[in-house]
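Here is the structure we will look at.
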């Protein structure tokens, strides 16, 4: 186990509960990047795979926890996008300017 790896995961992981709360309360996708969140999830998943394949230790749980928190934020992104689309209503042809 590396102290610095643990510290990094705790620092990065500390931001996600705030992001999740903001997504939950605001019901908006403003300020969110789906691509960014998916890239971060891929990074955490790579960390989990590394721990499984090369150096299994309890740090794997921090990778998994962070992955789950980002996943929750991604799910909220899709929920909020649906709310935004429903609130704006479907676009009609006469509403679209050319």
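Oblate is the label for the range 17-60, because the ratio a/c of its alpha-carbon gyration tensor axes (a ≥ b ≥ c) is 1.5 or higher and a/b is not greater than b/c. Find how many whole Å separate the alpha carbon centroid of the range 47-61 from the alpha carbon centroid of the range 73-88. Spelled out, the Cα-based centre of one part sits 33 Å from the other.
Gyration tensor analysis over the Cα atoms of the chain returns equivalent ellipsoid semi-axes of 36, 13, 9 Å (largest first, whole Å).
Considering only 37, 53, 69, the Gaussian network model of the chain with Cα springs below 10 Å gives its largest mean-square fluctuation to 53.
Ranking of 55, 50 by neighbouring Cβ atoms within 10 Å, starting from the fewest: 55, 50.
Given contacts defined as C-alpha pairs under 8 Å and at least six residues apart, what's the relative contact order of the range 3-88, whole-number percent? Once normalised by length, the contact order is 46 percent. Judged by the mean number of other Cβ atoms found within 10 Å, the most tightly packed of the peptides 40-46, 82-88 leads the ranking 40-46, 82-88. On full extension, the segment bounded by residue 49 and residue 81 gains 8.4 nm, given 0.36 nm per residue less the C-alpha separation. With a simple spin-label model that places each label point 7 Å from the Cα along the Cα-to-Cβ direction, the separation between residue 64 and residue 28 comes to 3.6 nm.
Each reported figure results from applying straightforward, stated rules to the coordinates on display, with no laboratory input. Quick caveat: nothing in here was measured; it's all calculated off a predicted structure. Reconstructed Cβ throughout: ideal geometry from the backbone, glycine too, with neighbour counts over all protein chains shown.
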